[in-house]
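The values are calculated or read from the model by the stated rules, or taken from the named source; none is laboratory data. Since the structure is predicted, the reported quantities are computational estimates derived from the model, not experimental observations. Every residue, glycine as well, gets a Cβ built from its backbone with ideal geometry; the counts of neighbours run over all protein chains shown. Note: accessible area is taken over every heavy atom of the protein model, side chains too, but ligands, DNA and RNA are not part of it. Shrake-Rupley method; radii C 1.70, N 1.55, O 1.52, S 1.80 Å.
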Amino acid sequence: MNRVLAIGAAQMGPVQRDHTRKDVVERLVDLLHQAAAAGCELVVYPELALTTFFPRWFVEDLTAVDEYYERSMPGPDTQPLFDEAARLGIGFCLGYAELTADGHRYNTQVLVERDGRVVAQYRKVHIPGHEQHEPDRPFQHAERHYFEPGPDEPGVWPAFGGRVGMMICNDRRWPETYRVMGLQGVELILCGYNTPIHYAPDPSQDILQGFHNALVMQSGAYQNGTWVVGVAKGGVEEGVDSLAQSCIIAPSGQIVAQALTTGDELMTARCDLDWCRRYTGTLFDFDRYRRPELYGRITGQRGVES
Ligand code: CDT
């Protein structure tokens, strides 16, 4: 059976505060049409793709920013994307802010199959940044104020003829994220991100943002024998410059497609899911070589104990 999947990584440029959902969904549909012309079966959009990255501002009363959150997926604004994708027979992965019926706020990605069926929702597990207002920063990264950590492990679902997992932005910096999915036989990990270039707690890292982005996703792909698709919302959004450099990475760890711009841009690759076995069946044959009896600290301990 042929398991080559044509994937489009649909990078977005900035979404400014005054851009409407309708404007944004039109951009998503435009990228979808480019993907259709390129023969893609799956399109991956960024984290929090529908709005500006609002955790850069601190607002004490969360109910005052309910407009940034989706109460259903699809909802009235996103239904045209779902409809057009199903008409074209293209699946997609989309990041958005979720407000549940019982009042929980999550940073979420949805995976939708080619027939329009929702396969799964994944809620970001590693929430970076800070809980309180930090007025000395040039801009905030108050994700820990706006979102609860997702309650479920990074999952893997049968979809697109393979085993597909999801992670969101900061999740990609943590090896546990990949390994939890690797142990479920993941073959393709989809990841949206918003990564400001300036990192206030240690600005010496600013110049390394692109290096660290590639470093973690390439090593995560290789060490778990999986494809990884990392998709940015990049460029200068409300005065804050964010990393672009979206890319598609093979199970070898090699980058096979990378963004050339910081704007709306589709990059594509034909991803052979059978290529994963070259790694998971050899060097990273987990069942043969792992030593879980020696890894108890990974789950038994949170911080450093010396
Ligand atoms: N969105 C997101 O998770 N961004 C973080 C920024 C660094 S922590 C302030 C990231 O890991 O890219």
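If you bin all the Cα-Cα distances of the range 151-306 at 10 Å, starting from zero, the percentages per bin are 11, 37, 33, 17, 3, 0. Computed extension length for V236-Q79: 53.7 nm, one decimal, from 0.36 nm per residue of separation with the Cα-Cα distance subtracted. With a simple spin-label model that places each label point 7 Å from the Cα along the Cα-to-Cβ direction, the separation between R87 and S219 comes to 4.6 nm. Normalised by the number of residues in the chain, the mean separation of alpha-carbon contacts (under 8 Å, six or more apart) gives a relative contact order of 21 percent. Take each peptide in 80-88, 180-188, count the other Cβ atoms within 10 Å of every residue, and average; sorted highest first, the result is 180-188, 80-88.
The convex hull defined by the C-alpha atoms of the range 80-205 has an orientation-averaged projected area of 9.5 nm². Close amide H pairs (under 5 Å, H built 1.01 Å from N) link E70 with A97, E98, L99, residues at least 5 positions away or on another chain. Only alpha carbons enter this Debye calculation for the chain, each as an equal point scatterer, and the log10 of I(q)/I(0) it gives at q = 0.07, 0.08, 0.14 Å⁻¹ is -0.25, -0.33, -1.05. The residues of the chain expose, per residue, 45 Å² of accessible area to a 1.4 Å probe. Round to a whole number: what % of the accessible area of the chain belongs to carbon and sulfur, probe 1.4 Å? Carbon plus sulfur share of accessible area: 51 percent. Sorting 207-215, 90-98 by their mean Cβ neighbour count within 10 Å, with the most densely packed peptide first, gives 90-98, 207-215.
Once the Cα-Cα distance is subtracted from the 0.36 nm per residue extended length, the A101 to E293 segment shows a gain of 65.0 nm. Here the chain carries DSSP beta bridges of which approximately 65% are antiparallel, counting only pairs with both residues inside. Here R71 and Q132 are evaluated by their C-beta separation; at R0 = 22 Å the FRET efficiency comes out at 0.25. Spin-label model, L260/W57: points 7 Å from Cα along the beta carbon direction are separated by 3.6 nm.
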